[in-house]
Every structure is written in structure tokens, then in C-alpha cells.
Amino acid sequence: MSVLQKIKDIEDEMAKTQKNKATAGHLGMLKAKLAKLRRELLEPSSGAGGGGKGDGFDVNKVGDARVGLVGFPSVGKSTLLNKLTGTFSEVASYEFTTLTCVPGVIRYRGAKIQLLDLPGIIEGAKDGKGRGRQVIATARTCNLILIVLDCLKPITHKKLIEHELEGFGLRLNKKPPEITFKKKDKGGIAFTSTLANPTLDLDAVKAVLAEYRIHNADVHLKGDYDVDDLVDVIEGNRIYVPCIYVINKIDQITLEELNVLDRLPHYCPVCAYHEWNLDGLVEMIWEYLDLLRIYTKPKGKLPDYNDPVILPAAHSSVEHFCNRLHKAIIKQFKYSLVWGSSVKHRPQKVGKEHILQDEDIVQIVKRV
């Protein structure tokens, strides 16, 4: 039986199984089996005559962040890339105009943001249909995903694309589950939780771990999570990425419909053809990427406001700043002087662990 047939059989069985406490263990086992089969499908063994892992398109990563445009064919991804970056990506009124990955760069607030126009994906992309495997493998390397939707076509497109991306291990607008999972040599399965009645119970945890042939482990939950979250933690290859739903072609809907769309979380209505609300989209991209601008100040000179060093907010210490400039700087680092909102005094002497904030000014002092 092929892997695809096995996946379909498991999905059919899950659809027939009622969800309750009694079936939690069985469903957990099925979900673990499904995750293993998907991994097998998307990372075929190199000995099977295939091309090894599902590779993405060969596009060099440039700039400070990477944003991928994902969507069904003919929703306006290429037009959006052309208008935002000035890069030419072929546009036509028929489907599958873009057959490879076309990169462009948005320059905004001193940052260079790489935008990738990926070919349209189709239903079944996660199972390798069309060029889906390449599209989603490239999407996994992005810091932000823009799912482009046609406002005339139903929002079910959103569900279908999310289903394809999730099947490839991408988790949109979610945080990694706070589940501690640790294998051990003996002692069986120890399951603890900070909640009195968590959704996951010991039977479901045991069923999932048994499918992975793990019989001795410590599992601790710091919140309320389900079987899917546990499988994600055990698989360990999930990518948690922010996502904006770009509703294109809003010139074809009424103002009332537009007001409804505008209230939905993570949504940004635009019209790429008429260039409506593209500034709002770029502003939203900046917000979701969560980047900081740090200005350098050479000794005895004014700060350089034209060329900031761009850092992700999650990695914004002075050490990260030094490494962004050059890996050798941290070896000679003595201290740094910082002006800005991250310090009480102007300037303040700080060490390499100091966390910087947006638009701080930094002067590095090296050891002599």
C-alpha cells in the first residue's frame, strides 16, 4: 500500500471516530501515525532513488527578513510583488503564470525585506501534488507568510491553504506549546500538568508515545494542550511563523463586505491592481516581523541614521548586534555606550547581555 493510501485510510478512520475521553488514546495513536507518514512522504529516504529531502526553490536569502507570498493560482500574487518591489514577475489572466520563485526586495524604514512570489499551490500540495512540496519547503524558510486570497472566492480557500501548510509542519500565528518532553532509560511514562483537568490525559500520552516506541519519558504540560501539540513537540520539526491574510481585489466587493473583512484578526484588505492600501500592508508586514532599528555611532562622530542595523526583537542583545556587524567584534568587546529607551542614562555603559530597543544608538568600545 502506498504512503498516500495509508494517509487517506487513517484520515478516513479519524473522521469516523467520535471525539471523547474514551477515544482520546486511539485518536492520539492515529495522529502520531499520520505525522510519521507525512514525514516519510515529505522527506523520502535518499536510498529510494528520490532527490532526498523536499527541497525548496534555490533562492539566496538576502536582506534582513524573508516574506513568502502563498496562495492559489490567479489571486494576484505577482501583481502584488510587482507593485511592492518594482520587480517584474509575469502577470496574465490565466492560472499558473508563475512557474518558479521570483524574489524582490521592499525597502522600508532602513530595512531590506525579501519578498518571494511563489507559484500557486493546489489542493494536495502537502502530498507532493503540483510543485507544492517545493513551494511549501521554501515557505518554511520565511520569517512571515502572506496568504493571498481572492475576495470573490470563498474564504474556504483560506482553510484549504492552512490545511496544506499545516500538513507540511507550518504552524501559523501560533506559539510553540509549552510541553517539556524528556526521554529516560527506565521508570515508564511520568505525566504531570500545571492544570487540574488538562485536555490531554495519561492514556492519550501513552498511546502517542507507544506509536513512537517510547516507553520511558517525562512529559510536563505548562498549559492546556491537545494531542496535536504533543505530536508536534515529539516530531520537533515544526516551524512557528506569523501570517497575514491579504484579501486582494477589494475593488470588486461592497463597502459593507469590506468592513466585515477589516474586523477579522490578521487580515489586510488590498487591491494590488489599483494600489489600494499597499502602505497599510507594508506597515503590517513590519509590525508582524517585529524588527528593531539600531543605529551605530563611531567615536567622536554623529550617529549614522541612514543605515541602521536591523535585528529581530527576539535576538536583540548587544552581543547579537555585534555579531550582525562582524563575528570578530565580540572577541575584542570591552563594553558599549547606549543612548535610547533601553537605558536610564544617556549614554549608559552596558555589557554584551544588555537588551536593546527600537532606535537605540550604540557605540562599541574594544579592548586595547
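The values are calculated or read from the model by the stated rules, or taken from the named source; none is laboratory data. This is a predicted model, so every value here is computed, not measured. Cβ atoms come from the backbone with ideal geometry, glycine included; neighbour counts cover every protein chain shown. Ligands, DNA and RNA are excluded from the accessible area calculation, which covers all protein heavy atoms including side chains. Shrake-Rupley method; radii C 1.70, N 1.55, O 1.52, S 1.80 Å.
Looking at the structure I just gave you, is Asp228 touching a helix residue (DSSP H, G or I) at 6+ places or on another chain (Cβ under 9 Å), assigned by the TED database to the domain that holds Lys21 and open to solvent by less than 60 Å² (accessible area, probe 1.4 Å)? Taking the combined requirement at face value, the residue does not satisfy it. When we screen Pro308, Pro312 for residues that are touching a residue at least 12 places away in the same chain (Cβ under 8 Å), under 29 Å from Tyr288 (Cα atoms) and surrounded by fewer than 18 Cβ atoms within 10 Å (Cβ to Cβ), the only hit is Pro312. Given the criteria crowded, with 18+ Cβ neighbours inside 10 Å and aromatic (Phe, Trp, Tyr), does Tyr212 qualify? No: the conditions fail for Tyr212. Within segment 162-204, if we keep just the residues that are among the β-branched types (Val, Ile, Thr) and under 27 Å from the mean Cα position of the chain (by Cα), the residue that is modelled with the lowest pLDDT turns out to be Thr199.
Of the residues Ala217, Ala210, only one is free of Cβ contacts under 8 Å to residues at least 40 places away in the same chain, more than 19 Å from Gly76 (Cα to Cα) and among the aliphatic types (A, V, I, L, M); which? The match here is Ala217. Considering segment 178-207, and only residues there that are closer than 17 Å to Ala22 by Cα and free of Cβ contacts under 8 Å to residues at least 24 places away in the same chain, the residue that is surrounded by the most Cβ atoms within 10 Å (Cβ to Cβ) turns out to be Leu202.
Could you grab me the full set of residues in segment 288-329 that are farther than 30 Å from Tyr240 by Cα and basic (Lys, Arg)?
Lys297, Lys299, Lys301 - these are the residues of segment 288-329 that are farther than 30 Å from Tyr240 by Cα and basic (Lys, Arg).
Has segment 137-150 got any residue that is in a helix (DSSP H, G or I), open to solvent by 70 Å² or more (accessible area, probe 1.4 Å) and at pLDDT below 85? No, that holds for no residue.
Answer yes if at least one residue in segment 270-286 is over 30 Å from Ser78 (Cβ atoms), open to solvent by 20 Å² or more (accessible area, probe 1.4 Å), at pLDDT below 90 and under 27 Å from the mean Cα position of the chain (by Cα), and no otherwise. Within segment 270-286, none of the residues are over 30 Å from Ser78 (Cβ atoms), open to solvent by 20 Å² or more (accessible area, probe 1.4 Å), at pLDDT below 90 and under 27 Å from the mean Cα position of the chain (by Cα).
When each of Val246, Val219 is tested for being in the same structural domain as Leu37 (by the TED database) and crowded, with 20+ Cβ neighbours inside 10 Å, the lone residue that passes is Val219. The number of residues in segment 347-368 that are open to solvent by 30 Å² or more (accessible area, probe 1.4 Å) and assigned to a strand (DSSP E or B) comes to 6.
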